[in-house]
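I have placed the structure first, in the form of structure tokens, so that the comments after it can refer back to it.
No value in this document is a laboratory result; all are computed from the given coordinates. Since the model is a prediction, treat every value here as computed from it, not as a measurement. Glycine gets a Cβ as well: all are built from the backbone with ideal geometry, and neighbour counts include every protein chain shown.
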Amino acid sequence: MENSSKNDDQKPTEGELPPRRLGPNFWLLMVLALVLGSVVFTSMRPGQVHVRYSFFLQELERNNIAELKTVGNEIIGVFVEKPLAPQELNKKSGELEAPTDKNGKPKTLAKKFYTRLPPALSDEARNKLFSDIAQKGIPYDDEAPADSTTMLLVVSILLPIVLIVFVWMMFRRTRDQFLGGGFLSGFSKSPAKRFEGTSQTVTFDDVAGLESVKADLEELVQFLKGPEKFERLGGRIPQGVLLMGPPGTGKTLLARAVAGEAGVPFFSVNGSEFIQMFVGVGAGRVRDLFKNAKESAPAIIFIDEMDAVGRQRGAGLGGGHDEREQTLNQILSEMDGFSQNESVIVLAATNRPDVLDPALLRPGRFDRHVTVDRPTQKGRVQMFKVHVRDVPLDDDVNIERLAHGTVGLTGADIRNIVNEAALWAARNDKTRVEMEDFEYARDKVLMGPKREEVLLDKEKERTAYHEAGHALLAWISPGPDRVHKVTVIPRGRMLGATEIVPEEDRLNITESELQNRLVCLLGGRAAELLVFNEHTAGAANDLEQATKLARRMVTQWGMSERLGPVNYKISEEDPFLGREMHQLREFSEHTMQVIDEEVAKVLHNTSDRSYQTLSDNRGSLDTLAQALIEREELGSPDIKELIGPSVHELMADSNGKPDGKPARDAVVQRDG
């Protein structure tokens, strides 16, 4: 990049810390230290010992004074020999004693000394003292005392000023850090992290699957590399691209891949980083972000979790947040103010497109909406191949089989499964990751880790019949669902689980298939009633899923003869609190009662059907339950060996179709 290469000689190399600049606080501390040092130094007398005036007279009589100098009322001199320290009062004994050093020898004083003339000393005594000094021939010098009034006045004025300035600077710095930046410069500075195009190591080759999504984004890369090609024919590249999809599908990875392919500066920021406590900070950071991007154009701005700052304005109970709304308004203004020659593209990612403001989604801002969905069978195979590149695999590992067993999972889930399998193999001191390690990791991710609790014999029997009811009805009921594994080992928050996966990729489902799914969901409850003649609390999750499915059949899909082909929107589905308070309901209270009756009717019919089907196949139910009690876990080959082939295999053989088509969604039936 031309812009970035201009200052390459000024930037520190990799691993080298940038030079540290001395701030104003450093120089202020230096001035304060100098002032305090000068005050302390003037009050100190290095190398001189203070002696009493009487001790001075004693040493003068002993002719132990080498030279003297008087400065006002002070006498400064030098002893001929170091005298013994004067006696001191012992507090314990109350007697005078000569002080000693650590070795017990008498303590001596330094040669240089000073003393002060007593204030009550008369002129006659003063003249006699200096006459005796002259008679003894001691070198003598008399100096006028230095005038320190100016120095003390300067120090007394300068020291409080320096202290006040220092306290003010520290208070301002603390306040600016609390507000989110330096004074007037970092206060509204953008928190976005910049990545140069040359440092981007992620490309489209590192993004497995998602071929249609990568094809849509390839156009952005071509525009950033050569915008003249599009501008020559009057074309205008989308100014904003919104990546929508469930968490973990690779939206952030795709944005980094676009920057890596285009080789341009990439500004990455999270939507929540704009929102601050004080109104106006977020808008200022948005302005700074777009300013930096325009100066580095062509460039990419990536805003992750766009729903944190782009929620609908004035939505929900109590209105909107002023800071969030001002930040959103600034984003709208910056995006709409782009011109065609600025070559700045805004990428945003969210898993909640339903809560975004309509003004943000209109053409001219986010022109293109790209859905990043869960991968298909082919995409899962490619993702496994990408994530196992650095993992030593055993010969029994089948990538196709792993992809069939991970239906409905995202790229992040697949990466987690590969990592868990590698960790489990390392824990067991293996040199290669085997297929059983992947099976363990998949069960841990889908159903949770095994619990330490051991079920009592009675609880284990009830759980076994419950799971056998789910498995048997899914085994003999025609439809897209087939049993993959049944277990009564407690995992996560459940006592047992029946793992059911569809046999093929599906984008639609019929009413009869939904009825069969409800029959399987209520199979555990029906088995408990059939065998033990009572219900347990283990069917709570089954009833929750079945009720949601039945209500959608009645209210959204028109699968009720009594209500007919009418869609009844339930206001509680609105994501904003309080929105339904000012929205008129489109149906009456009587219709709501009819909806409840129809939902109950669907569930009662399917429950009776589950009970009757299990009664007709009581022998197979007992066989599966006893096998679960003994083995605790059964796979589809084990079930086939116990009760024969499933209805799916029989239908595939009769129609001459190959078995084992790719699946779309995985359903783990959790109980307990």
> Which trypsin sites (Lys or Arg not before Pro) does the range 232-267 hold that lie in a coil by DSSP with at most 15 other beta carbons within 10 Å?
Replying inline: R232, R236
> How many nm separate the modelled label positions at L163 and K128, each set 7 Å beyond the Cα in the direction of the Cβ?
Replying inline: 4.8 nm
> For T327, T536, what ranking results if the residue with the fewest other Cβ atoms within 10 Å of its Cβ goes first?
Replying inline: T536, T327
>> So if I average 1/r over every pair of distinct C-alpha atoms in the range 399-516 and take the inverse, what Kirkwood radius in Å does that give?
In response: 16.1 Å
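Just list whichever of K69/K128; K229/K385; K225/K291; K251/K444; K214/K294 have alpha carbons separated by over 27 Å in the model shown.
In this structure, K229/K385 exceed 27 Å between Cα atoms.
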> How high is the FRET efficiency between N398 and R432 when r is their beta carbon distance and R₀ equals 22 Å, given to the nearest 0.05?
Replying inline: 0.95
>> Cut-off is 10 Å between beta-carbons; in what order do I237, I417 appear when sorted fewest neighbours first?
In response: I237, I417
> Rule-of-thumb check for the range 219-313: C-alpha Rg over 2.2 N^0.38 Å?
Replying inline: 1.20
>> Can you compute log10 of I(q)/I(0) for the range 380-447 with the Debye formula, treating each Cα as one identical point scatterer, at q = 0.12, 0.13, 0.19, 0.24 Å⁻¹?
In response: -0.24, -0.29, -0.63, -1.05
> So how far, in whole Å, is the C-alpha centre of the range 465-489 from the one of the range 375-392?
Replying inline: 29 Å
>> At a 10 Å Cβ-Cβ cut-off, how would you order V309, V483, fewest neighbours first?
In response: V483, V309
> Given H placed 1.01 Å from N in the peptide plane, which residues other than close sequence neighbours of R482 have an amide H under 5 Å from its amide H?
Replying inline: V501, E503
>> From Cα pairs below 8 angstrom and at least 6 apart in sequence, can you work out the relative contact order of the range 380-447, rounded to a whole percent?
In response: 39 percent
